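Data block below; observations after.
The values are calculated or read from the model by the stated rules, or taken from the named source; none is laboratory data. Only a predicted model underlies this, so the values are computations on that prediction, with no experimental measurement involved. Quick reminder, even Gly has a Cβ in these numbers, built from the backbone with ideal geometry, and neighbours come from all protein chains shown.
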Amino acid sequence: MAGNKSYTIVEYFGGDDGYRCGYCKNAIGNFSHGMWSHTMTVQDYQDLIDRGWRRSGKYVYKPIMNKTCCPQYTIRCHALKFQPSKSHKKILKKMSKFISGGELPTEQNDGEPMDSVCEEEGPREPSKVCPAEVKCAAITDIQKEVAECPTITEVQKEVVDAAPASSETSREDSVSAPDGRTTATAPKPGVGADPSRPPCRKAKDLRKERRLQKEQMRHADGVSSIPTPTQTNQPKTLEDFISESLPDNSSHCLEVRLVRSNPPSPQFKASFDASYQVYKLYQMAIHKDPPDKPSESQFRRFLCDSPLEAEHSPDGPEVGYGSFHQQYWLDGRIVAVGVIDILPTCVSSVYLYYHPDFASLSLGSYSALREIAFTRQLQKQSPKLSYYYLGFYIHSCPKMRYKGQYRPSDLLCPETYVWVPIERCLPHLENSRYARFNQDPDAGDARALKDVGRALVLYRRAVMPYAAYSRKRKGSSDEAEVQQYGGLVGQDCAERILLYRA
């Protein structure tokens, strides 16, 4: 096992205890299996999320679907085939109006919870202490190339969805007139319709009439009426709508910057405090956290720390794989941050937070649309990276059903781990909170654990198959636990990931 290969090192925590559910608020109804990941390769994490796992900081958890109160189904969108819906176009137009005109919309936000509760899934720290020197020794023994041992808290990641981050507590000055009044003024009272003018006509009818007039003029000039490529009725792409939402010579300037959070890039470090201040405001305003709860250490642990190793591959995206924050800068200030992971076949959304002053811009949905467009951009550099993962779809929680609107999308079958179009899943979820989506009764888990003896463990700074470890330990009583862990990660991952044994 020499060479410069990276390894995933985890500690597994069963899943017997119930935790508070952030969705239905049941005090002990949330059940999940968890692992603390000291370090993880992007391929291992890709394979784990394709088996229903998800990370919150360095904690990786998998809901116990047939036991937990609000089953959470992994959802992915086919980014290349995505077409924005009417409501998506409305959100992009709302942003365009704000950027060009300068005034924030007055209507309230439509309520986009994103994944605000994944931090409550279970233990946040490893229960069995794995000293830094153990990790250091293991990595050194395996790789022979690591010069220094990183501490567990060094790994950092960037915000995925689209959360505003700003060191200022308000953006009101950008939407106000010089004298401090808001630029929106009340309309003057009218006197009714002017009888001397013709009645109003629908814009659709006027457009149709203008088209007919143009056709007649072309015929009069002897020009063929065969439509040119620009005249054909091609639907606008998502990118067309996004670029339209960012007009030139406008009142505001919106820029999206991708910064690597692990290892933290200079840009990430320079904007850390501004980003944290927005997170703090968001948690207090949107999730009613007391001022001392969204601490800097909690922010680091939840949204900056990441187990994912930064990787670059010749056939991968130029920015590389790993954990990033997409920062939304409005007129030079952070207003939202989307935390994302870039993995071999997808962009995975982790979290989104934004400045409460901009809640009316529907930044949760806007950032998701930008992240789908970003996935399409990466796919041009890396052909197999073509999916956008929105985290978990929770049908039993109506507020979390909005993720099903990004079509075409699939849900992961919780028993066979195959992807099934969401349209085929919804009727089952209407009948039951928990459902198996694969309708082939003979289908099973293709990567099911077949031989626990081949699972790799890290024991006393040495890597060995579990069979060798259990011979060394002679009276080892952890076989049931290792068997459970192996069943959850699958045979392939069990043979690659190092399971730490105290």
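From P105, P71, grab the single residue that is in a loop (DSSP other than H, G, I, E, B) and touching a helix residue (DSSP H, G or I) at 6+ places or on another chain (Cβ under 8 Å). Exactly one of P105, P71 is in a loop (DSSP other than H, G, I, E, B) and touching a helix residue (DSSP H, G or I) at 6+ places or on another chain (Cβ under 8 Å), namely P105. Does L80 qualify as being closer than 25 Å to L238 by Cβ, in a helix (DSSP H, G or I), of a type in the set (A, V, I, L, M) and modelled with pLDDT of 95 or more? Taking the combined requirement at face value, the residue satisfies it.
Looking at region 433-492, which of its residues are among the polar types (S, T, N, Q), closer than 20 Å to D44 by Cα and in a loop (DSSP other than H, G, I, E, B)? The answer is none; no residue qualifies.
Of the residues in region 418-438, at least one is in contact (Cβ under 8 Å) with a residue 60 or more places away in the chain and touching a Pro at 6+ places or on another chain (Cβ under 7 Å). Scanning region 244-269 for residues that are on the phi < 0 side of the Ramachandran plot and modelled with pLDDT under 95 yields E244, S245, L246, P247, D248, S250, S251.
Of the residues S32, S85, the single one that is touching a Pro at 6+ places or on another chain (Cβ under 8 Å) and among the polar types (S, T, N, Q) is S32. In region 474-482 there is at least one residue matching the filter, namely being within 19 Å of P63 (Cα to Cα), touching a residue at least 12 places away in the same chain (Cβ under 8 Å) and either of a type outside the set (S, T, N, Q) or crowded, with 17+ Cβ neighbours inside 10 Å (or both). Among the residues of region 43-53, what is the count of those that are under 15 Å from the mean Cα position of the chain (by Cα) and buried (at least 24 other Cβ atoms within 10 Å of the Cβ)? So the count comes out to 1.
Among the residues of region 340-376, how many are of a type in the set (A, V, I, L, M, F, W, C) and either modelled with pLDDT under 95 or more than 16 Å from E255 (Cα to Cα) (or both)? The qualifying residues number 9. When each of G57, G34, G29, G22 is tested for being touching a residue at least 40 places away in the same chain (Cβ under 8 Å), farther than 28 Å from R461 by Cβ and crowded, with 19+ Cβ neighbours inside 10 Å, the lone residue that passes is G22. Pairing residues of region 252-273 that are assigned to a helix (DSSP H, G or I) with residues that are crowded, with 16+ Cβ neighbours inside 10 Å, at Cβ distances under 6 Å and at least 6 apart in sequence or on separate chains, gives Q267/V259; F268/V259; F268/S261.
When you look at M1, is it at pLDDT below 95 and surrounded by fewer than 22 Cβ atoms within 10 Å (Cβ to Cβ), yes or no? Spelling it out, M1 is indeed at pLDDT below 95 and surrounded by fewer than 22 Cβ atoms within 10 Å (Cβ to Cβ). The set of residues from region 285-298 being within 16 Å of V337 (Cβ to Cβ) and not polar (S, T, N, Q) comprises A285, I286, H287, P294, E296.
So which of R471, R447 ends up being farther than 30 Å from C24 by Cβ, at pLDDT below 95 and either under 26 Å from the mean Cα position of the chain (by Cα) or of a type in the set (D, E, K, R) (or both)?
Of R471, R447, the one residue that is farther than 30 Å from C24 by Cβ, at pLDDT below 95 and either under 26 Å from the mean Cα position of the chain (by Cα) or of a type in the set (D, E, K, R) (or both) is R471.
Looking across region 421-432, the residues that are part of a helix (DSSP H, G or I) and surrounded by 14 or more Cβ atoms within 10 Å (Cβ to Cβ) come down to I422, C425, L426, H428, L429. With respect to the conditions (1) touching a Gly at 6+ places or on another chain (Cβ under 6 Å); (2) of a type outside the set (A, V, I, L, M); (3) crowded, with 21+ Cβ neighbours inside 10 Å, C69 falls short on a single one, namely (3).
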